[in-house]
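Take a look at the structure below.
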Amino acid sequence: TRKSRPQRLLKAVEGKATLGDPQSVITAIDHFCRHKEWAMNVGDEKGSILDSLVIELSPVNVLELGTYCGYSTVRIARLLPPGARFITLEFNPDYAAVARQVIGWAGLEDKVQLVEGASGDWIPRLREHFGVQMFDLVFLDHWKDQYLPDTKQLEECGLIQKGTVLLADNVICPGTPDYLKYVRNSPHYDSRYYRSHLEYTKVEDGLEKSVFLGF
Ligand SMILES: Cn1cnc(CNC(=O)c2cc(-c3ccc(F)cc3)cc(O)c2O)c1
Ligand SMILES: [Mg+2]
C-alpha cells in the first residue's frame, strides 16, 4: 500500500538531513512541507517563536502534547539544557513510529521520552511513572478539543504550578475557542497571543503563551 504522509516526510528527512544534526532535520521537514506536501508541523515561522520562548525559559521539565512527526519535539529538544527532562505524548502509533525515527535522525533520542497513548490516560500517571513533580513548560499541539480538559487535569494533578508556562499552537486555526476563553479570562493565568501564520501558509494563526500565577 502507498506510504502515509508521515512516512513520506520521514523519507525526505533520510534523503536530505545529516544524521545527528537537528537543524538539518528541521530544514528538511520545512522544505518537504513547503515544496512537496503540506503537513501539520508547527513550522518555521511559529517554530522561531517557540525557539525564542524555550531559550528564554530554559525549562528543566517539558511536556509536549501531540508529537505528530516529531518536528516540534526536535525544535524543543535541541535547545534544552543538559539534564532537562522532556516527555512527549502521541496517541497515534503510526505518527509515534515516524517521530521516533525523526528524533533518532536528529540524534536527540537520549533527551526525549516519547510516550504512546491518550493524554487523558497518561496525565494522572506522569508523576509516579516518570518521577516528575511539575512542568516548567507544556506545549499543546494535539487535538484542539483536548487542550482545555487536559489543562484542567494537569492543574488537578499539581503538574502545573506557579510559573509554569503553557504554550498552545493553533489557537486561531483550526482554533481552540474554549481553551482560549479559559486562559484569557482566568485570574490564575497571564496570557499573551503571539500572532503568526498557519504553518507554510498565509492564513492567520498564532501561539498563546499562558503563565500560571498560582491558585
Ligand atoms: C489527527 N491528528 C493528530 N494530531 C492532531 C493534532 N493537530 C492538529 O489537528 C492540527 C491541525 C492543523 C490544521 C489542519 C487542517 C487545516 F486546514 C488547518 C490546520 C494544524 C496544526 O498545526 C495542528 O496541530 C490531529
Ligand atoms: Mg499544531
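Rule-based calculations on the coordinates, nothing more; no lab input. Every value quoted in this text rests on a predicted model; they were computed, and no experiment measured them. Positions of Cβ are generated from backbone atoms using ideal geometry, with glycine treated the same way; all protein chains shown enter the neighbour counts.
Check the range 192-205 and report whether any residue there is over 18 Å from Val54 (Cβ atoms) and of a type in the set (Gly, Ala, Ser).
No: zero hits.
Return the residues of the range 173-205 that are within 16 Å of ligand 2 (Cβ to nearest atom), of a type outside the set (S, T, N, Q) and surrounded by 20 or more Cβ atoms within 10 Å (Cβ to Cβ); say none if nothing qualifies. I'd like the intermediate steps shown before the answer.
Going residue by residue through the range 173-205, those that are within 16 Å of ligand 2 (Cβ to nearest atom) are 173-177, 179-180, 193-201, 203-205.
If we keep only those that are of a type outside the set (S, T, N, Q) as well, we get 173-175, 177, 179-180, 193-195, 197-200, 203-205.
Result: Tyr179, Leu198, Glu199, Asp205.
For the range 167-215, which residues satisfy the criterion of being within 13 Å of ligand 1 (Cβ to nearest atom), of a type outside the set (S, T, N, Q) and over 18 Å from the mean Cα position of the chain (by Cα)?
Lys202, Val203, Glu204
Looking only at the range 95-142, filter to residues that are touching a Leu at 6+ places or on another chain (Cβ under 9 Å) and among the aromatic types (Phe, Trp, Tyr); which one of those is surrounded by the most Cβ atoms within 10 Å (Cβ to Cβ)?
Phe139
Can you work out which of the residues in the range 7-28 that are β-branched (Val, Ile, Thr) and either touching a Cys at 6+ places or on another chain (Cβ under 7 Å) or within 13 Å of Arg78 (Cβ to Cβ) (or both) is nearest to ligand 2 (Cβ to nearest atom)?
Of the range 7-28, the ones β-branched (Val, Ile, Thr) are 13, 18, 25-27.
Now drop any that are not either touching a Cys at 6+ places or on another chain (Cβ under 7 Å) or within 13 Å of Arg78 (Cβ to Cβ) (or both), which leaves 25-27.
Numbers: Val25: 18, Ile26: 15, Thr27: 19 Å.
My answer is Ile26.
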